[in-house]
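Engineer: Quick one: this structure, given as structure tokens, is what I'll be asking you about.
The values are calculated or read from the model by the stated rules, or taken from the named source; none is laboratory data. Computed from a predicted model, the values in this text were never measured in an experiment. Every residue, glycine among them, receives a Cβ derived from its backbone with ideal geometry; neighbour counts consider all protein chains shown.
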Amino acid sequence: MRAGFSLAALLILLTAVATPHAEPQRQAAILESLPQVWRDDTDHSFDLNALRGRPVVLTMAYATCHRVCPMTMQRLQRLQESFAARQIDAEFVIVGYDPENDDAAAWHRYRRNRHLTRSNWHFLVGSPQQVRRFARVLAFDFWKADDHVMHDQRILYLDPHGVLQLDPNPDEPQAVTQE
């Protein structure tokens, strides 16, 4: 009887482990759950749907940030170099935290001044509602304090299937980091 119970428990455990869960499907829908149409730093429309099937690195920043965002951009540049060395063609998406001040022209100057001109980097501007929804879906925490945007430093990586990975480490590009 005891051996039968143990065998039954083992079978239940193996079935639970082997059964596909809905989690990957939920994760794969991340890109689709974001606001889709934005303005890029050339003031042209940019549709996130264009990134389906491609690896995507996502973060948020604001153009007048002097502490956290420059470190994030340096980390993104290291990721770009790491991906390029591995022949991974990733898209880099930076959504502005501060749409009232960071318009397309501000992001265009930001890119030019920091030599972030690769065509796979997309600096996006949206409405305040779009920015809040983007931040909420991806768990970016931010708030305004006087003329500053207080925010965390996060870089997210979606694989070509749209699945959120663990850590987009430049040495092992596969995912979500929070510092």
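Engineer: Have a look at F134, F92, F83 and point out the one that is touching a Phe, Trp or Tyr at 6+ places or on another chain (Cβ under 7 Å) and either hydrophobic (A, V, I, L, M, F, W, C) or surrounded by 20 or more Cβ atoms within 10 Å (Cβ to Cβ) (or both).
Structural biologist: Selected residue: F92, the only one of F134, F92, F83 that is touching a Phe, Trp or Tyr at 6+ places or on another chain (Cβ under 7 Å) and either hydrophobic (A, V, I, L, M, F, W, C) or surrounded by 20 or more Cβ atoms within 10 Å (Cβ to Cβ) (or both).
Engineer: Only strands (runs of 3 or more DSSP E) wholly contained in region 1-115 count here; list those with 2 or more residues that are β-branched (V, I, T), under 23 Å from Q129 (Cβ atoms) and modelled with pLDDT of 75 or more. Spell out the reasoning first.
Structural biologist: Values: elements: 37-40, 45-47, 56-61, 91-96.
Fully inside region 1-115 and qualifying: 56-61, 91-96.
Engineer: Which pairs have Cβ atoms under 6 Å, sit 6 or more apart or on different chains, and link a residue in region 106-121 that is farther than 17 Å from Q74 by Cβ and in contact (Cβ under 8 Å) with a residue 60 or more places away in the chain to one that is surrounded by 11 or more Cβ atoms within 10 Å (Cβ to Cβ) and acidic (D, E)?
Structural biologist: If the second residue must be surrounded by 11 or more Cβ atoms within 10 Å (Cβ to Cβ) and acidic (D, E), the pairs left are W107/D41; H108/D41.
Engineer: Only one of (1) more than 16 Å from T72 (Cα to Cα); (2) without any contact (Cβ under 8 Å) to a residue 60 or more places away in the chain fails for G126. Which number is that?
Structural biologist: (2)
Engineer: Which pairs turn up if I take residues in region 32-45 that are under 20 Å from R114 (Cβ atoms) and look for partners that are of a type in the set (V, I, T) with beta carbon separation below 6 Å, at least 6 apart in sequence or on another chain?
Structural biologist: Note: pairs meeting the criteria are R39/V125.
Engineer: Answer yes or no as to whether R67 is free of Cβ contacts under 8 Å to residues at least 24 places away in the same chain and out of contact with any Cys (no Cβ under 9 Å at 6 or more places or on another chain).
Structural biologist: For R67, the condition - free of Cβ contacts under 8 Å to residues at least 24 places away in the same chain and out of contact with any Cys (no Cβ under 9 Å at 6 or more places or on another chain) - is met.
Engineer: Give me the residue from region 132-146 that is touching a residue at least 40 places away in the same chain (Cβ under 8 Å) and closer than 29 Å to E81 by Cα and, out of that set, nearest to the chain's Cα centre (by Cα).
Structural biologist: The residue in question is L138.
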